[in-house]
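The values are calculated or read from the model by the stated rules, or taken from the named source; none is laboratory data. This one's a predicted model, so the numbers in the text were calculated from it and none came from an experiment. As a convention, Cβ positions derive from the backbone with ideal geometry for all residues, glycine included, and neighbour counts pool all protein chains shown. Surface areas here come from the heavy atoms of the whole protein model, side chains and all, with no ligands, DNA or RNA. Shrake-Rupley method; radii C 1.70, N 1.55, O 1.52, S 1.80 Å.
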Amino acid sequence: MSVTVVDHALAAHLLAQLRDERTPPPLFRTLAKRLALVLTVEAIRDLPTTDVDVRTPLEPAAGKVLGDLVAVPILRAGLGMLEAVTELFPEVAVGYIGLERDEASLQPQSYYRKLPPVDGRHVLVLDPMLATGGSGSAATSAVRDGRPASIRFVCVVSAPEGIAKMEADHPDVPIFTAAVDRQLNDHGYILPGLGDFGDRLFGT
Ligand code: PRP
Ligand code: URA
């Protein structure tokens, strides 16, 4: 399995502000979207393209178009990354997977799922936090059932524990992240992390 830590000055700049406890929800949302844009650009770097012929105002030219893309944010926090993808690819199909971690067991509880057909398409699973990896792995399994051509997992901060879980369950799914942090605390939060992404995104 491959883990790409997006090594870009802009990603680092945005992540530092997201981590800052003083960043209020309106700014947090803006920063999350900008960082998701940087991460998405990296995640689709090697997405297959199809050759096309276009005409410039002067003469014919060879071009390339991207393959069929599906974005699947994991609710709620993944919504903070979705707009970056829909702005880059207005024609993207979007599916939703609702998962909430049980506070005691840290196991993901499923409460919603609506996926478009993913057969033969390329899927970006969006979830800013890869902590124990339970949510990321469950969502990836749900997408995999639809037989996509490929799955890429895009997150903001990941923990070694979550990466290990994804590696064990989905070794063929590459992870794109802005940072691999130190560890989880006793409550399953990433250290140093940035706190509860969903709460900070939605001001809850
Ligand atoms: C957070 C986060 C991930 C999950 C990561 O969601 O957005 O989905 O926790 O943890 P895991 O890797 O240990 O599964 P949460 O369950 O808090 O729900 P929310 O997005 O609605 O806030
Ligand atoms: N979910 C979050 O929002 N933050 C963490 O650190 C872990 C899971």
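So the values come out like this:
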| item | result |
| --- | --- |
| Dipole magnitude of the stretch 47-90, debye to nearest 20 (Cβ charges: Lys/Arg +1, Asp/Glu -1, about Cα centre) | 160 |
| Charge dipole (debye, nearest 20) of the stretch 54-198; +1 at Cβ of Lys and Arg, -1 at Cβ of Asp and Glu | 360 |
| Residue-wise HN-Hα coupling along the stretch 177-188, computed from phi with Karplus coefficients 6.51, -1.76, 1.60 (Hz; x: Gly, Pro) | 9, 7, 7, 10, 7, 6, 5, 9, 8, 5, 9, x |
| For the stretch 79-161, alpha-carbon Rg over 2.2 N^0.38 Å | 1.09 |
| Part-to-part distance (alpha-carbon centres) for the stretch 150-172 and the stretch 77-115, which is given in Å | 15 |
| Accessible solvent surface per residue of the chain, calculated while the other protein chains remain in place, 1.4 angstrom probe, Å² | 50 |
| Antiparallel content of DSSP bridges confined to the stretch 46-204, in %, to 5 | 40 |
| Theoretical gain in end-to-end length, Ser141 to Thr50 [0.36 nm per residue, Cα-Cα removed] | 30.0 nm |
| Carbon + sulfur, % of accessible area of the chain - ligands and nucleic acids excluded, 1.4 Å | 52 |
| Local net charge near Glu83, Cβ-Cβ under 13 Å (Lys/Arg +1, Asp/Glu -1) | +2 |
| C-alpha long axis of helix 25-43 to longest principal axis of the chain, angle in ° | 50 |
| Descending semi-axes in Å of the stretch 22-110, equivalent ellipsoid built from Cα gyration tensor | 35, 17, 10 |
| The stretch 55-104 - percent relative contact order, Cα under 8 Å, separation 6 or more | 40 |
| Virtual spin-label span in nm between Ser150 and Ser110, 7 Å along Cα→Cβ | 2.6 |
| Residues with amide H under 5 Å from that of Gln109, placed H, sequence gap 5 or more | Glu100, Arg101, Asp102 |
| For Leu75, residues with placed amide H under 5 Å, excluding near neighbours | Ile97, Gly98, Leu99 |
| Where labels lie 7 Å past Cα in the beta-carbon direction, separation of Glu91 and Thr204 in nm | 3.5 |
| Span per principal axis, largest first, for the Cα atoms of the chain (Å) | 62, 37, 28 |
| Pairs of alpha carbons in the stretch 1-58 whose separation is greater than 13 Å (percent) | 70 |
| In order through the stretch 70-76: 3J(HN,Hα) via Karplus (6.51 cos²θ - 1.76 cosθ + 1.60), integer Hz, x for Gly, Pro | 10, 10, 10, x, 8, 5, 7 |
| ³J(HN,Hα), Karplus 6.51/-1.76/1.60, whole Hz, each residue of the stretch 127-139, x for Gly, Pro | 7, x, 10, 10, 9, 6, x, x, 5, x, 5, 5, 5 |
| Percentage relative contact order, the chain, counting C-alpha pairs under 8 Å, at least six apart | 24 |
